[in-house]
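Presented below is the structure to which this report refers.
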């Protein structure tokens, strides 16, 4: 069962999409513009963080990584930073003690609750359930649906696959590993149910 705050983060993002009558692919630049949030690409010669949210008084700026040449990754990074602006208590938490810069690092590997919430918000913003269920239904279960979602939502295969596990009735698992170590895993509810049957 998913953590309530993670579910709430997804719901907050999906409400923005619904209230603004947004369509796929969700335009993160127009969302930022409506909130008077400036967006700037980080020079591609500079690696490091995947995104940053800067605050000067009541003005916000998002800086996103371009050293990874993947539009889906870049859009997810922007959506991730938008979540720090939209989610309740996030600005207070990330800008406490006089800080005006918040740096984010890619991947669902963070143990920090706030960063987990922002990743789920970003997934819900870029891939809102009501819109992607229709799209996923146009393809066979599995990789073809994931690839279709990635294309239509302009999201990375990884984020599309993870989001797909949350909406499908098929038995699907997404496992990301490196150097013989599993970094994280997401399973659809069908896998969880089958695992407990005797």
Filtered residues of the stretch 24-40 (kept if out of contact with any helix residue (DSSP H, G or I) (no Cβ under 7 Å at 6 or more places or on another chain) and in a loop (DSSP other than H, G, I, E, B)):
27, 36
Consider residue 111 carefully, then state whether it is within 22 Å of residue 184 (Cβ to Cβ) and assigned to a helix (DSSP H, G or I).
no
Has the stretch 56-66 got any residue that is assigned to a loop (DSSP other than H, G, I, E, B), touching a helix residue (DSSP H, G or I) at 6+ places or on another chain (Cβ under 8 Å) and closer than 24 Å to residue 178 by Cα?
yes
Taking the options 122, 106, name whichever one is under 18 Å from residue 28 (Cα atoms), in contact with a helix residue (DSSP H, G or I) (Cβ under 6 Å, 6 or more places away or on another chain) and either in contact (Cβ under 8 Å) with a residue 12 or more places away in the chain or surrounded by 16 or more Cβ atoms within 10 Å (Cβ to Cβ) (or both).
122
Which one of these does residue 98 not meet: (1) surrounded by 20 or more Cβ atoms within 10 Å (Cβ to Cβ); (2) free of Cβ contacts under 8 Å to residues at least 12 places away in the same chain?
(1)
When residues of the stretch 42-55 are filtered for being in contact with a strand residue (DSSP E or B) (Cβ under 7 Å, 6 or more places away or on another chain) and assigned to a strand (DSSP E or B), how many remain?
4
Residue 162 vs. criteria under 13 Å from the mean Cα position of the chain (by Cα) and part of a helix (DSSP H, G or I)
yes
Is it true that residue 70 is modelled with pLDDT of 90 or more, touching a strand residue (DSSP E or B) at 6+ places or on another chain (Cβ under 7 Å) and farther than 25 Å from residue 4 by Cβ?
no
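The values are calculated or read from the model by the stated rules, or taken from the named source; none is laboratory data. Keep in mind that what you see is a predicted model, and the values were worked out from it rather than measured. Here the Cβ is made from the backbone with ideal geometry for all residues, glycine too, and neighbour counts use every protein chain on show.
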